Amino acid sequence: MTMVFQPSPDMPPPASQTGLLHWVRNNLFNSFANGLLTIIGLAILANIIPPLVNWLLIDAIFQGTAETCRQGQGACWAFVDAQIKLFLLGPYPTELAWRPIFSAVLLFGLFIITARHMLKTAHLVVAWLILPLPIYWLIGGGLGLEVVDTSEWGGLMLTLVLAVVGILASLPIGVLLALGRSMQNKVIKGFCICVIELVRGVPLVTILFMATIMLPLFLPTDVEIGILYRVQFGIILFSSAYIAEVVRGGLQGVDKGQGEAAVALGLNRWKTTIFIILPQALKIVIPPLIGRCIALLKDTSLVVVVGLLDFLGIAKAASQDAEWLGFDAEAFVFCAFIYWVLCFSLSRYGRSLEKRGQVGHH
Amino acid sequence: MSGQNAALAAKNEQDTVISLVDMNKWYGDFHVLKNINLEVQRGERIVICGPSGSGKSTMIRCINQLEEHQSGTIIVNNQELTNNTKALEKVRKDVGMCFQHFNLFPHMTILENLILAPIWVRKMPRKDAIDLAMTYLKRVNIAEQSQKYPGQLSGGQQQRVAIARSLCMSPKVMLFDEPTSALDPEMIKEVLDVMEELANDGMTMLCVTHEMGFAKSVADRVIFMDGGEIVEENEPNEFFNNPQMDRTQLFLSQILSH
């Protein structure tokens, strides 16, 4: 006679000891040494945090002149407020400020569209890749817009232009270099290895100096390319080499069976790469790619050495304004805060991309 | 009389889908396939078995050139396989393949997996490709999963999707490379059922498998390989009940002793 198998009902897990006290005991005082470290740590924090909060917020002066600031004890945020246009746009003509602002709106709009996946992936890729053109056109002018010479670009705007255009342009170049490096063809492979290893073997500062000083030597004398464009070129070159190596890692991480399955279906090598290999490789390398974006955003501060006034450079310049002399600390703290906000947002953005990519995958 | 012979020869010629003549392959110095000779007629169902490392997977992977051979001739659909990439891509369109680990594309939905090749290789309009894909998904009993991703399906379901994906290219031959080896016991049957149905529809099939029950009920011919060579080939009844070579007898006694 057959017996009927009855699956056992699901039971809740044993009631765990949760709660604040339990957490504190388990994480901060779980041994004598750790207890001691906790107490020392708390003592140090108690000495640092109150004066810092006092300076940053409680005693800080948010409105007024340089004179009111000098009489006060805290940070002089009135200085940042007074110079905010300089921080954000540098010497860019104020009456044309809508142009960089509109560029920023385009950029963040595209971020939101991407995060919400409001367009097809193929359309998104195209939109991101052509974004540098409207950015340069809006800020620089031409084709019906009043031309603003690149010597008048500066501040946070310049930092963002160099970093955003640098990343967007170096992604496709980096992908091509990575694909070239993994090709059978010895000539293409050798060329890609040379480019990647030469650029990676040199510090960014060197590349920037070469772009500003040496590049003009190779160009005909009547051809003049603005320093900003040369610096942008150097940054793209630098970033491409690093992205190529990141992407190459991703290409190696894709299961060999994927390419075999695509080829067995009759897809040629390029279609296999574009539809099957690259999407999976890029998904694998989202975390290191975001890392590269963050690093590049901060690396752009090196353009100061070739005379461009990026966000950090303008902060230094602003604190040497005769009227507001002596507020370097405020300038740099503000600068650091904005950099942190940007980098942290990028990092969170990367996390959300990773999470979205995990839907339906092992 | 001679005219009749010529007609017969022509018919034979036409009906030979795959022919391997004195085919050899090496991995470096290692001689993996030795003088393989094999003819497959249209509609034939062939099961290839043998111990691991005997070269059976490598052999069927040579048929669509996922592996290159170094000497001898391979002719598939009257096209000799050389390193002419264009000709090779043309042959691959008509040769479907299922893998041990399914190799579905994890970043695409089931439906997208199925319509990719018809759209980009056969240049089929998207709507037609979707109709075709849904037909085959229904045939492997999995139409309701079309919007899911491969990772959300069981192994057996994934392998059935992989079969449907190959069928969307209307292949003239199907190659199966151990299609049930990575599956849980309870899922093997659902995949074998689909394969058996395919065989009954007259599909030309080459199947590397350890499922001897499948070989007995479906195969027209069983091929036993060892050490990179075809040791013995026969129709299944003879092969299982009256194996000629001692190596075949040993193999069968090993796998059928439980």
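Take the residues in the range A:272-305 that are polar (S, T, N, Q) and either farther than 18 Å from residue A:237 by Cα or without any contact (Cβ under 8 Å) to a residue 60 or more places away in the chain (or both); name whichever of them is nearest to the other protein chains (Cβ to nearest Cβ). Can you show your working first?
Restricting attention to the range A:272-305, the residues satisfying the condition of being polar (S, T, N, Q) are A:272-273, A:280, A:300-301.
Now restrict to residues that are either farther than 18 Å from residue A:237 by Cα or without any contact (Cβ under 8 Å) to a residue 60 or more places away in the chain (or both): A:272-273, A:280.
Values: A:272: 10, A:273: 12, A:280: 6 Å.
It comes out as A:280.
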Practice problem: Go through the range B:133-150 and count every residue that is part of a helix (DSSP H, G or I) and over 19 Å from residue A:260 (Cα atoms). | Solution: 10
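Could you tell me whether residue A:228 is surrounded by fewer than 11 Cβ atoms within 10 Å (Cβ to Cβ), assigned to a helix (DSSP H, G or I) and at pLDDT below 90? Talk me through it step by step, then tell me what you get.
On the way: surrounded by fewer than 11 Cβ atoms within 10 Å (Cβ to Cβ): no; assigned to a helix (DSSP H, G or I): yes; at pLDDT below 90: yes.
Judged against the criteria, residue A:228 is not a match.
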Quiz prompt | Where a residue in the range B:143-170 is more than 10 Å from chain A (Cβ to nearest Cβ) and its partner, wherever it lies, is among the aromatic types (Phe, Trp, Tyr), with Cβ under 8 Å and at least six apart | solution = B:155/B:102; B:158/B:102; B:159/B:102; B:161/B:102; B:164/B:136; B:167/B:136
Quiz item: Looking at (1) farther than 23 Å from residue B:180 by Cα; (2) among the hydrophobic types (A, V, I, L, M, F, W, C); (3) facing another protein chain (nearest Cβ under 8 Å), which is the one condition that is false for residue B:105?
Solution: (1)
Practice problem: Taking residue B:115 as meeting all but one of (1) at pLDDT below 95; (2) crowded, with 16+ Cβ neighbours inside 10 Å; (3) within 13 Å of chain A (Cβ to nearest Cβ), write down the number of the exception. | Solution: (1)
Self-check item: Scan of the range A:219-276 for residues that are touching a helix residue (DSSP H, G or I) at 6+ places or on another chain (Cβ under 6 Å) and among the basic types (Lys, Arg), ordered by number
Solution: A:230, A:248, A:271
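Among the β-branched types (Val, Ile, Thr) and under 13 Å from the mean Cα position of the chain (by Cα): which single residue out of B:222, B:191, B:173 fits that description? Spell out how you get there, then give the answer.
Working: B:222 fails: under 13 Å from the mean Cα position of the chain (by Cα); B:191 fails: under 13 Å from the mean Cα position of the chain (by Cα).
Criteria check complete, one pass: B:173.
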Quiz item: Being surrounded by fewer than 18 Cβ atoms within 10 Å (Cβ to Cβ), away from chain B (no Cβ under 14 Å) and not β-branched (Val, Ile, Thr), is that true of even one residue in the range A:246-254?
Solution: yes
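Suppose we filter A:274, A:213 for residues that are more than 30 Å from residue B:122 (Cβ to Cβ) and in a helix (DSSP H, G or I); which single one remains? Steps first, answer last, please.
Working: A:274 fails: more than 30 Å from residue B:122 (Cβ to Cβ).
That would be A:213, the only listed residue that is more than 30 Å from residue B:122 (Cβ to Cβ) and in a helix (DSSP H, G or I).
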Quiz prompt | Only listed residue being modelled with pLDDT of 90 or more and within 16 Å of the chain's Cα centre (by Cα), chosen from A:168, A:138 | solution = A:168
Exercise. Can you give me the ranges of the strands (runs of 3 or more DSSP E) entirely in the range B:181-258 with at least 3 residues that are among the aliphatic types (A, V, I, L, M)?
Key: B:204-208, B:221-226
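The values are calculated or read from the model by the stated rules, or taken from the named source; none is laboratory data. Here the structure is a predicted model, which means the values were calculated and not measured. Cβ coordinates were reconstructed from backbone atoms using ideal geometry, including for glycine residues, and neighbour counts include every protein chain displayed.
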